[in-house]
1. Within the bounds of region 110-117, is there any residue that is part of a helix (DSSP H, G or I), open to solvent by 20 Å² or more (accessible area, probe 1.4 Å) and acidic (D, E)?
2. Could you list, in sequence order, all residues of region 149-173 that are in contact with an Asp or Glu (Cβ under 8 Å, 6 or more places away or on another chain) and either crowded, with 17+ Cβ neighbours inside 10 Å or at pLDDT 95 or above (or both)?
3. Can L127 be described as without any contact (Cβ under 8 Å) to a residue 40 or more places away in the chain, surrounded by 13 or more Cβ atoms within 10 Å (Cβ to Cβ), of a type in the set (A, V, I, L, M, F, W, C) and closer than 18 Å to I70 by Cβ?
4. Somewhere in region 60-74, is a residue at pLDDT 70 or above, among the small types (G, A, S) and under 22 Å from A170 (Cβ atoms)?
5. Going by the conditions given, is Y129 of a type in the set (F, W, Y) and over 20 Å from Q79 (Cα atoms)?
Amino acid sequence: MAEQEQQKKEGRPPREGGRGPGGGGPRGDRPGGDRGDRGDRGDRGERRGGPPHGAGRFEGPPEIELEKLIGDSLYLDNQAHAIVSRMRDMDSGTKSQLRRLYSAVRRAVRAPESERQHEFVMLRARLAYTIARHGLRSLDQLEKLLLQVTRKNDGRGYERFKDLFEAIVAYNE
């Protein structure tokens with residue numbers, strides 16, 4: 001009965017086959033019940049009435065600046081240390097996943113100049129897949145940097161990206 005009162009307050013139609021008193025019907029088509037009912041949460045699981053989308057949320061570290069990466073070796077080293085530190089704090093990625101990605105970076109850098117940009121575009125797709133599949137959120141910065149490098153399509157940028165990745169692999173050992 002309380003559930004029906006809550007539905008009326010929120011303007012929702014009553015559920016058929018509810019689980020309340022006298023409504024012991026099915027919980028949904030999927031195993032584990034009706035996952036479409038999220039209570040008082042929105043689409044992304046956020047509580048209604050909370051801060052607006054993005055407000056008060058940790059956005060993560062600032063993006064890596066490509067020009068500084070190309071011109072300053074200490075900046076490259078600091079960024080590599082920061083990424084490895086975040087990986088240890090946030091992710092459960094394995095060293096072998098990182099080494100496989102690094103091998104793909106090296107192959108892309110060695111590609112003929114006419115194909116290099118395409119190789120890096122495909123590398124970005126592979127990196128995005130790996131980040132999503134294995135929950136490697138600490139590598140989001142690398143994906144953004146890879147987009148910058150690919151758009152610039154400059155040999156120095158590709159080399160510095162490879163150097164950064166090499167440093168990350170080394171510091172992660």
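1. Looking for residues that are part of a helix (DSSP H, G or I), open to solvent by 20 Å² or more (accessible area, probe 1.4 Å) and acidic (D, E), one finds at least one in region 110-117, hence yes.
2. A167
3. Judged against the criteria, L127 is not a match.
4. Yes, that holds for at least one residue.
5. Yes, satisfied.
The values are calculated or read from the model by the stated rules, or taken from the named source; none is laboratory data. Keep in mind that what you see is a predicted model, and the values were worked out from it rather than measured. All Cβ positions, glycine included, derive from the backbone under ideal geometry; neighbour counts span all protein chains shown. Note: accessible area is taken over every heavy atom of the protein model, side chains too, but ligands, DNA and RNA are not part of it. Shrake-Rupley method; radii C 1.70, N 1.55, O 1.52, S 1.80 Å.
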